[in-house]
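A short write-up of the structure that comes next.
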């Protein structure tokens, strides 16, 4: 489950909002490095990387229901041929991936995991001045880590502690070791994120249904 931070949720629900929400594109070209673009009028520095300003026009369409693998088609207008040289050099993004993120330029330190997804580029082709990318779920054989690990005696919210809204603790303590004992000491067991029914000597892996 992904949670939108309250700071951003308040902005999204505001009647008037002067803060810009910007789409970031991060093309992983393997040994050729990364291409990073911000759909904005100026460069955006985020998470230690600079995304070059490129206020492109584009359209994102999602398909796939039930047990079908979700696929996404992203069409980008590339009349200035910003992407095309790289597309040609990589065999139209063969074996490349694309990370899409949405950030608020006035709150770049806020957790963006609610709008952060990485796709494999399954196919790319020119359509006139446009470039159409067919994106799909990551190949599980290429995943370095599982999507989520579930433990009996370890709470995943401890990493963010008070900053993670799922933790819910608002007392005086400033750290937590993620144990049930710490949750009990803080009278916060209702929000404990561990899975007490699991084998305490093992971890369970959670992989999205479309990748199984």
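Before moving on, here are some points about what is shown:
- Options 65, 122, 134: the member that is more than 17 Å from residue 28 (Cβ to Cβ) and either modelled with pLDDT under 80 or not in a loop (DSSP other than H, G, I, E, B) (or both): 65
Listed here are the residues, each with its yes/no results for (1) modelled with pLDDT under 80; (2) at positive phi; (3) buried (at least 18 other Cβ atoms within 10 Å of the Cβ).
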| residue | (1), (2), (3) |
| --- | --- |
| 19 | yes, no, no |
| 33 | no, yes, no |
| 37 | no, no, yes |
| 42 | no, no, no |
| 50 | no, no, no |
| 72 | no, no, yes |
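The values are calculated or read from the model by the stated rules, or taken from the named source; none is laboratory data. Owing to the predicted nature of the structure, the values given are computational and were not obtained by experimental measurement. Note: ideal-geometry Cβ built from the backbone for every residue, glycine included; neighbour counts use all protein chains shown.
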